[in-house]
Amino acid sequence: MAWALKLPLTDEVIESGLAQDFDASLSGIGQELGAGAYSMSDVLALPIFKQEESNLPPETENKILPFQYVLCAPTSPAIKLHDETLTYLNQGQSYEIRMLDNRKIGELPEITGKMVKSIIRVVFHDRRLQYTEHQQLEGWRWNRPGDRILDLDIPMSVGIVDPRANPTQLNTVEFLWDPSKRTSVFIQVHCISTEFTMRKHGGEKGVPFRIQIDTFKENENEEYTEHLHSASCQVKVFKPKGADRKQKTDREKMEKRAPQEKEKYQPSYETTILTECSPWPEITYVSNSPSPGFNSTHNSFPVAEGNGSPNHQPEPAVQVADNLLPTATPQDAQQWLHRNRFSPFCRLFTNFSGADLLKLTREDVIQICGPADGIRLFNALKGRLVRPRLTIYVCQESQQAREHQPKHENGDAAASTFFVYHAIYLEELTATELTEKLAQLFNISPRQINQIFKQGPTGIHVLVSDEMIQNFQDEVCFVLDTMKGN
């Protein structure tokens, strides 16, 4: 077969010395412990864990802060005066945090009409757990594969843009918001306080956590690195409905106390106001680069909610081949499942290595995961790519060679001549698509190809149409020749 192409004739760095005194990775869940690169006395004096030891300047106590964060959950009535408030939360329940703008008129004019970035973390309050938090996190991750410590409830949140949840930082979420508009973010905490107690014989008190919010504005390079405000509060997380029972128990205990004793305790407030604290001593969290692996079930997608800005949409992720290898360990297999949006099945395959998963048949996977997810998982395991609808092979041959070398019907020349063919993959099966693919192959503009003909019986030229292409046999060979248009 031969084709004839008819061608036309024409041709700020974190403030204070906190990060310098000790390894910042000690202080965030998900960061590896430093190897002795910190001072114990400095760690014991951390203001972010002990509110009464805050090293904030005295003049900040009475000043009006630019922002205020309000957690919509009641405080415990069993907290003594001058102690930090304590709030009980239910595991997995969505709690609203109201992001309020407290600026005076003319204060911080550089953020007026612009977005700011807030990072929410759940971290340990107890100093004892700060030293071993990397081991604590790894143990929790192993027992709860595919789960996160902190999540955003995207559908219920209002006014947040470009929410992100890095799969390597299970306790951190971040988002953009406009202080001039109503903004409420709903969070879910999935770990409970008793999961980190040393002895688990029943009845142990759970360890307290801290919820901290750090807010940043853009610098000259449009990166959110300039710190504006930080605040935190102390919480304990219980199994579902456990926080309500604990709140009721504390209230009943206070009612039984004498009036003189009640005066020593704080009243229970309907909401929890996060109090100012030092910014989180971490350097990597101010990076404005996209977080990896944001296609898990919990993770990042743009939210408009009426207040979204089209200027802050995340860039589309580049698809990279991610094939599971037979040598993958069970932990590597868990990470692969998480990256490829199979988190709900991580627990089912907890002890499966890469070889174990690859041995599963199509029927096995469908039976375990159901038809839809089973087929998707099977194709992902086998690394299957979508085959094109039609594949053809083309070769460009000079007119002189065509005259002196006889060819077979399928476009093959005599055995003494060597020709190089190129593969063209078609999906739409249209003449327009074929024109574009040929132009791309020979590095010319599609406009330079006026028409494509196929040589028919007795050497006639038949115009190639969509219907003709749809009737091509798969993997058929063609020889191309060019003609100048009249």
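Quick notes on this structure:
- Complete set of residues in the range 400-446 that are of a type in the set (Phe, Trp, Tyr), exposed (fewer than 14 other Cβ atoms within 10 Å of the Cβ) and at pLDDT 80 or above: Tyr425
- Those residues of the range 143-194 which are farther than 23 Å from Asn340 by Cα, part of a loop (DSSP other than H, G, I, E, B) and open to solvent by less than 30 Å² (accessible area, probe 1.4 Å), in sequence order: Ser157, Gly159, Asp178, Pro179, Cys191, Ile192
- Scan of the range 221-251 for residues that are of a type in the set (Asp, Glu) and modelled with pLDDT under 90, ordered by number: Glu222, Glu223, Glu226
- Count - residues of the range 214-269 that are over 24 Å from Thr194 (Cβ atoms) and among the hydroxyl-bearing types (Ser, Thr, Tyr): 6
- Condition met for Ile211 (hydrophobic (A, V, I, L, M, F, W, C), closer than 30 Å to Ile111 by Cα, touching a Cys at 6+ places or on another chain (Cβ under 8 Å) and modelled with pLDDT of 90 or more): yes
- Residue pairs meeting the criteria (Cβ under 8 Å; at least 6 apart or on separate chains; first acidic (Asp, Glu), in the range 366-395; second in a helix (DSSP H, G or I)): Asp373/Pro344; Asp373/Phe345
- Test result for Phe209, over 30 Å from Gly113 (Cα atoms) and among the hydrophobic types (A, V, I, L, M, F, W, C): yes
- Scope the range 80-110; condition at pLDDT 90 or above and of a type in the set (A, V, I, L, M); matching residues: Leu86, Leu89, Ile97, Met99, Leu100
- Scan the range 247-267 for residues that are surrounded by fewer than 17 Cβ atoms within 10 Å (Cβ to Cβ) and closer than 23 Å to Tyr69 by Cβ and the total you get is 1.
- Thr225 passes every criterion in (1) among the polar types (S, T, N, Q); (2) open to solvent by 30 Å² or more (accessible area, probe 1.4 Å); (3) in contact with a helix residue (DSSP H, G or I) (Cβ under 8 Å, 6 or more places away or on another chain) apart from (2).
The values are calculated or read from the model by the stated rules, or taken from the named source; none is laboratory data. Every value quoted in this text rests on a predicted model; they were computed, and no experiment measured them. No Cβ is skipped: glycine too gets one built from the backbone with ideal geometry, and neighbour counts run over all protein chains shown. We work out accessible area using only protein heavy atoms, side chains counted, and drop any ligands, DNA or RNA first. Shrake-Rupley method; radii C 1.70, N 1.55, O 1.52, S 1.80 Å.
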